[in-house]
Each structure stands twice: as structure tokens, then as C-alpha cells.
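Have a look at the structure below before the remarks.
The values are calculated or read from the model by the stated rules, or taken from the named source; none is laboratory data. Note that this is a predicted model, so its numbers are computed, not measured. Note that we place each Cβ from the backbone using ideal geometry, even for glycine, and neighbour counts take in every protein chain shown. Side chains included, ligands, DNA and RNA excluded: accessible areas come from the protein's heavy atoms. Shrake-Rupley method; radii C 1.70, N 1.55, O 1.52, S 1.80 Å.
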Amino acid sequence: MFEFIRTHQRLMQLILLLLIIPSFVLVSGVTDFSRDLNTTVAKVDKQVISQQEFENAQREQMNRFRQMAGAQFDPKMFDTPEAKQRILDSLIEQRVMTEMVRIKHLSVSDETIRRELMKIPSLLGADGKFNPEAYRSILAAQGMTPLNFEARMRQDMSSQQLNQVLQSSSFAPKTIASRISD
């Protein structure tokens, strides 16, 4: 056997090359790809904020600023460490608020959501009644479904309830209480 390997040394090198290199490429490529998907940016209690969630939040904020600023929008302002830190802080605050809302058992009823939807002028028809087609088309333009939007509204309103509870129960001056709630 060793005599065969010694006499066909070039052939053996080629076979080893064909077996080893693709395995290294495959293994290192797969592990790098899976590592990129599972990158943890921050951890709040037991909840993880992934790189993908951070990038989605950054994209959403860029879209909001693009809509507000129009032609003067500069995407480079989101490439600074300060801007990225603000987005990450916002995600962390959302996680903390969500956990506090869950612990305090705060909720918003469907009727309250309906009343709030009726206050949005772009969702009302010419007769002043709720227009479901306009509602769905506006949400579709933003890439959302009514269920997603209402869940987001419910979460925002629950967070507002929590802020009100915190501000009303404190003995600190209003400036300090508003700073803490911010």
C-alpha cells in the first residue's frame, strides 16, 4: 500500500486536495453564515436582540427620516456610532417596557384600539366613518397588516399606560419624573 502511494505521489496529492479543500470551504462557509445570522447585539434579561432586529430597526428609522426630510435626507447620519447607539438604546428600552407591561398585566382593549383608529383622519371616509379599504391600503403601503399595526398600537398604548403609572406614583418633581420616564 505504501509502495502504491510512493509511486503515485502526484495522484495521491490531487485526491487529498480534492477531499480537503472543499471540506474546509464548506465547513468554514457554513459556520460563518450561521454565526452572522445568530449574532447577538444585546441581551435584556433573558431576551436577545439580534443583529437582524437591530438592522430592521435601523432601516425603519431611516425610512421615517427619509419620509420627513425628503430630498435633504442623508443616510450617512445613521452610520455614526452615536446613531447606532441611540437605535440600540431604543430597542433595549422597548424590551424593558414590554417586560414591565407583562409583569404589571397592563393591556388595551379592542374597543380602545377602535376608538384610537377613529381618531386618525386619513382612515376616515368623506362621511366621517371608518374606511376599512383606506386602512388596509395605507398599511399595505408600509408593509404591514392590520393585525401587526394593531399589535404595535396595543404595545405603544400599554407602554404609555406604564409611563403614566410611573409618573403618577412618584414623589419626585415632574422634571425628574419625565427624565426618568424618557
At 1.4 Å probe size, what's the solvent-accessible area of T80? Round to the nearest 10 Å². 50
For Cα pairs less than 8 Å apart in space and 6+ apart in sequence, what is the mean separation divided by the residue count of the chain, i.e. the relative contact order in percent? 13
Probe radius 1.4 Å, ligands and nucleic acids ignored: give me the carbon and sulfur share of the accessible area of the chain as a rounded percent. 59
Let me know the charge dipole size of the chain about its Cα centre in debye, to the nearest 20, where only the beta-carbon of Lys, Arg (+1) and Asp, Glu (-1) is charged. 140
What angle do you read, to the nearest 10 degrees and between 0 and 90, between the alpha-carbon axis of helix 9-37 and the longest principal axis of the chain? 10
Surrounding net charge for L88, when Lys and Arg each add one and Asp and Glu each subtract one, Cβ distance under 13 Å: -1
In bins 10 Å wide, starting from 0, what share of all Cα pairs of the chain does each bin hold, as a percent? 7, 19, 26, 20, 9, 6, 6, 4, 2, 0
HN-Hα J in Hz across segment 110-119 - Karplus 6.51, -1.76, 1.60, θ = phi - 60°, x for Gly and Pro: 4, 5, 5, 4, 4, 4, 5, 5, 5, 8
Highest-first arrangement of 51-62, 135-146, where packing means the average Cβ count within 10 Å: 51-62, 135-146
FRET efficiency, Q47 to S107 (Cβ-Cβ, R0 30 Å, nearest 0.05): 0.95
0 to 90° range, to nearest 10: angle between helix 81-104 axis and the chain longest Cα axis: 60
Expressed in square angstrom to the nearest 10, the accessible area of K104 with a 1.4 Å probe stands at 120
Quick one: which residues, 5 or more positions from V44 or on another chain, have an amide H under 5 Å from its amide H? H modelled 1.01 Å from N in the peptide plane, none for Pro or chain starts. I49
Quick one: order R152, R10 from most to least accessible surface, probe 1.4 Å. R10, R152
Answer in debye to the nearest 20: the dipole magnitude of segment 58-129 about its Cα centre, from +1 Lys/Arg and -1 Asp/Glu charges placed on Cβ, is 80
Any idea how many Lys pairs in the chain come in under 28 angstrom at the alpha carbon, given 8 or more places apart or on separate chains? 9
Would you calculate, for the chain, the mean residue ellipticity at 222 nm contributed by helices, counting each DSSP H stretch of 4 or more residues as -39,500 (n - 2.57) and dividing by all residues, to the nearest 500? -23500 deg cm²/dmol
Compute the acute angle (0 to 90°) between the alpha-carbon long axis of helix 146-169 and the principal axis of greatest extent of the alpha-carbon atoms of the chain; round to the nearest 10°. 60
Charge-dipole axis of the chain as Lys and Arg at +1 and Asp and Glu at -1 on Cβ define it, positive-most pick from L162, Y135, Q51: L162
